[in-house]
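Accompanying notes for the structure given below.
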């Protein structure tokens, strides 16, 4: 990926025109901080400037459409998990499953690229073999990630009815097996809910790490 250069204070351009952020379009004026990188494309390079507020993400820096789609899918899943708040098991599993689907689609794209090369040459080539290996890696990773999504749905549900937590409760209970201190029990249940939710999020993040290493 391209190397990102950080600039503390932008200088005026010779043409007098301000730079613009590639991501949000904000003008970058003299004195503003910003960052930039340039991708080499054949004999030429393509420069992209980013304002101080817009992060440079892996999907921005690659010139490969396949890698860009893969990185973007991972970034989207990570963003949803990070901003999810009180996500349920089904929601978390769906985010992971959508990532698996995106990985599989990237693999299909690699497979099509390999097919096109072989059709052009009339036979398999070293390059098409390498690309097809990436397609296979994506397909295998998608299977693993989908399996992880299924596992997440089978975890203990953080949104289960409070009565389902009673078997684990070690506080004082009455003759009816109900907690004698309702407030204490409620606080304990909320802590257990958070515990279960964190376990599901940890499983989701682990699933994301199973993405293909291309």
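The values are calculated or read from the model by the stated rules, or taken from the named source; none is laboratory data. Everything numeric here is computed off the predicted structure, so don't read it as measured data. A quick note on method: Cβ atoms are made from the backbone with ideal geometry, for glycine too, and the neighbour counts reach across all protein chains shown.
Kindly check whether there is at least one residue in segment 51-60 that is in a helix (DSSP H, G or I), without any contact (Cβ under 8 Å) to a residue 40 or more places away in the chain and within 27 Å of residue 156 (Cα to Cα). Can you show your working first?
First, pick out the residues of segment 51-60 that are in a helix (DSSP H, G or I): 58-60.
Keeping just the survivors that are without any contact (Cβ under 8 Å) to a residue 40 or more places away in the chain gives 59-60.
After this cut, where a residue has to be within 27 Å of residue 156 (Cα to Cα) as well, the list is none.
No: segment 51-60 contains no residue that is in a helix (DSSP H, G or I), without any contact (Cβ under 8 Å) to a residue 40 or more places away in the chain and within 27 Å of residue 156 (Cα to Cα).
Do we find a residue being touching a strand residue (DSSP E or B) at 6+ places or on another chain (Cβ under 6 Å), surrounded by 13 or more Cβ atoms within 10 Å (Cβ to Cβ), assigned by TED's automatic domain parsing to the domain that holds residue 78 and free of Cβ contacts under 8 Å to residues at least 12 places away in the same chain anywhere in segment 103-119? Working first, answer last.
First, pick out the residues of segment 103-119 that are touching a strand residue (DSSP E or B) at 6+ places or on another chain (Cβ under 6 Å): none.
No.
Would you please name the residue that is farthest from the chain's Cα centre (by Cα), looking only at residues in segment 80-89 that are within 14 Å of residue 159 (Cα to Cα) and exposed (fewer than 14 other Cβ atoms within 10 Å of the Cβ)?
First, pick out the residues of segment 80-89 that are within 14 Å of residue 159 (Cα to Cα): 85-89.
Next, from what is left, pick out any that are exposed (fewer than 14 other Cβ atoms within 10 Å of the Cβ): 85-86.
Values: 85: 16, 86: 18 Å.
Going through the qualifying residues, I end up with 86.
Checking residue 110 against (1) more than 26 Å from residue 2 (Cα to Cα); (2) touching a helix residue (DSSP H, G or I) at 6+ places or on another chain (Cβ under 8 Å), which single condition isn't satisfied?
Just one mismatch for residue 110, condition (1).
Filter segment 166-192 for residues that are touching a helix residue (DSSP H, G or I) at 6+ places or on another chain (Cβ under 8 Å) and under 19 Å from residue 87 (Cα atoms); which is surrounded by the most Cβ atoms within 10 Å (Cβ to Cβ)?
Per the stated criteria, the residue is 189.
Being touching a helix residue (DSSP H, G or I) at 6+ places or on another chain (Cβ under 8 Å) and outside the structural domain of residue 159 (by TED's automatic domain parsing): is that true of residue 22 here? Please lay out each step first, then the result.
Details: touching a helix residue (DSSP H, G or I) at 6+ places or on another chain (Cβ under 8 Å): yes; outside the structural domain of residue 159 (by TED's automatic domain parsing): yes.
Answer is yes for this residue.
For residue 93, only one of the following conditions fails: (1) within 12 Å of the chain's Cα centre (by Cα); (2) at pLDDT 95 or above; (3) closer than 11 Å to residue 204 by Cβ. What is its number?
In the conditions (1) within 12 Å of the chain's Cα centre (by Cα); (2) at pLDDT 95 or above; (3) closer than 11 Å to residue 204 by Cβ, residue 93 misses (1) alone.
Hey, among 191, 148, which residue is closer than 30 Å to residue 97 by Cα, assigned to a helix (DSSP H, G or I) and touching a residue at least 40 places away in the same chain (Cβ under 8 Å)? So that I can check it myself, show each step before the final result.
On the way: 191 fails: touching a residue at least 40 places away in the same chain (Cβ under 8 Å).
Being closer than 30 Å to residue 97 by Cα, assigned to a helix (DSSP H, G or I) and touching a residue at least 40 places away in the same chain (Cβ under 8 Å) holds for just one of 191, 148, which is 148.
When you go through 77, 10 one by one, which is the residue that is surrounded by 15 or more Cβ atoms within 10 Å (Cβ to Cβ) and more than 30 Å from residue 134 (Cβ to Cβ)? Show your work before the answer.
On the way: 77 fails: more than 30 Å from residue 134 (Cβ to Cβ).
Within the list 77, 10, the selection yields 10.
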